[in-house]
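To start, the structure itself, in structure tokens.
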Amino acid sequence: TAAGQSGTVDLNDPNNTLYTNGIVGNDSTYAFRLSGSYRAPYDIQVAGTLVSNTGFPIVSTYAVTRALAATAGVALTRSSQTVFLSDRGDERFPSVTLVDLRLSRSFRFSGGRRIEPQLDIYNLTNSSTITTYTTGVGSTYLFPSVIVSPRIMRVGVAINF
């Protein structure tokens with residue numbers, strides 16, 4: 001598991017909490033958020049958000065099986081045991097920075113009715129940062145398995161009546 005913990009393991013078993021420093025889940029050493037809006041000429045509303053986080057911790061692991069333990073002269077009572085190879089936080093994913101933008105303009109009509117076309121652009125810079133690796137030592141060790149979603153554009157209309 002990327003954070004050194006699994007949501008499905010028994011946390012009462014000390015073998016499953018070794019090297020976690022008592023922390024379960026993800027953390028970023030730094031997190032930055034900035035958002036704002038601006039009314040441009042022709043009553044066009046421009047709004048944006050910038051989110052930047054340092055990467056979550058990675059814990060490299062190795063699965064020891066009964067057969068592997070037997071070759072070392074050790075009897076393993078479980079069918080396999082995952083061993084953490086580093087302390088939580090010694091390794092981290094790359095930092096993630098995302099920029100989202102919204103353009104809109106409201107058109108007012110009689111009777112308090114309003115139509116507002118909107119254009120939303122998510123991940124404006126089309127960042128492709130890796131957010132999950134395979135952390136188990138083996139043929140796919142450190143193989144990227146999840147990246148940030150690509151740039152997405154959404155066109156919408158808000159109607160108030």
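The values are calculated or read from the model by the stated rules, or taken from the named source; none is laboratory data. It should be emphasised that the depicted structure is a prediction, and the values quoted were computed from it without experimental measurement. All Cβ positions, glycine included, derive from the backbone under ideal geometry; neighbour counts span all protein chains shown. Note: areas computed on protein heavy atoms with side chains; ligands, DNA, RNA excluded. Shrake-Rupley method; radii C 1.70, N 1.55, O 1.52, S 1.80 Å.
Data table
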{"item": "Pair list, Cβ under 6 Å, 6 or more apart: segment 116-138 residue without any contact (Cβ under 8 Å) to a residue 40 or more places away in the chain and acidic (Asp, Glu), other residue outside any loop (DSSP other than H, G, I, E, B) and surrounded by 14 or more Cβ atoms within 10 Å (Cβ to Cβ)", "result": "120/102"}
{"item": "Yes/no for residue 38 being touching a strand residue (DSSP E or B) at 6+ places or on another chain (Cβ under 8 Å), closer than 25 Å to residue 142 by Cβ, at pLDDT 75 or above and open to solvent by 70 Å² or more (accessible area, probe 1.4 Å)", "result": "no"}
{"item": "Selection count, segment 115-124, where residues are open to solvent by 70 Å² or more (accessible area, probe 1.4 Å) and either over 30 Å from residue 56 (Cβ atoms) or more than 17 Å from the chain's Cα centre (by Cα) (or both)", "result": "0"}
{"item": "Checklist (1) touching a Pro at 6+ places or on another chain (Cβ under 7 Å); (2) within 30 Å of residue 43 (Cα to Cα); (3) in a loop (DSSP other than H, G, I, E, B) applied to residue 125, failing item", "result": "(1)"}
{"item": "Residue list for segment 128-149, restricted to those being open to solvent by 60 Å² or more (accessible area, probe 1.4 Å) and in a loop (DSSP other than H, G, I, E, B)", "result": "128, 137, 139, 140, 141, 142, 143, 149"}
